[in-house]
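Here's the structure we're looking at; comments come further down.
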Amino acid sequence: MVECSINDSEQLKRKMRNAELAHFGYIFTVGATEQENGTVDVRAAGGKQQGKHRIEEVIAHFTHLSKTRCHPMEDFPGAPPSPDKAPAAE
């Protein structure tokens, strides 16, 4: 399912909070900078930041997930590591 919100009267933080409460798997944010650079800011469920990715990378990632039926919360290549996947301190 995909939902798009372009309501300018609603603040971005509120939109993101509403998406989190609705348990969206991913939240994509595109502002003027992202539009100019051809990127998308990606956030996974739970507010986990995945970073900015080129649109082609996002399409490739979801194509991969669809074809391989991988876990939907699989990190984007190059995303910051999850706290649960971070290397253990020695």
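The values are calculated or read from the model by the stated rules, or taken from the named source; none is laboratory data. These numbers were taken from a predicted model, which means no experiment stands behind them. Don't worry about glycine lacking a Cβ; one is built from the backbone with ideal geometry, like all the others, and counts go over all protein chains shown.
All but one of (1) in contact with a His (Cβ under 9 Å, 6 or more places away or on another chain); (2) modelled with pLDDT of 85 or more hold for A22, so report the exception by its number.
(1)
For segment 65-73, check the following and say yes or no: at least one residue is among the charged types (D, E, K, R), exposed (fewer than 10 other Cβ atoms within 10 Å of the Cβ) and not in a helix (DSSP H, G or I). Steps first, answer last, please.
Here is the first cut: in segment 65-73, the residues among the charged types (D, E, K, R) are 67, 69.
Among the residues that remain, those that are also exposed (fewer than 10 other Cβ atoms within 10 Å of the Cβ) are: 67, 69.
Imposing the further condition that a residue be not in a helix (DSSP H, G or I) reduces the set to 69.
There is at least one residue in segment 65-73 that is among the charged types (D, E, K, R), exposed (fewer than 10 other Cβ atoms within 10 Å of the Cβ) and not in a helix (DSSP H, G or I).
Considering only segment 31-55, state which residues are exposed (fewer than 14 other Cβ atoms within 10 Å of the Cβ), out of contact with any Gly (no Cβ under 7 Å at 6 or more places or on another chain) and not in a helix (DSSP H, G or I).
Our first condition is that a residue be exposed (fewer than 14 other Cβ atoms within 10 Å of the Cβ); within segment 31-55, this holds for 31-33, 35-38, 46-47, 49, 54.
Filter again for out of contact with any Gly (no Cβ under 7 Å at 6 or more places or on another chain), leaving 31-33, 35-38, 46-47, 49.
Matches in segment 31-55: G31, G38, Q49.
One residue is enough: does segment 34-42 have a residue meeting the conditions closer than 17 Å to F62 by Cα and of a type in the set (D, E, K, R)?
yes
Please determine, by comparing only the residues of segment 58-90 that are touching a Pro at 6+ places or on another chain (Cβ under 9 Å) and closer than 23 Å to E20 by Cα, which one is modelled with the highest pLDDT.
Going through the qualifying residues, I end up with H61.
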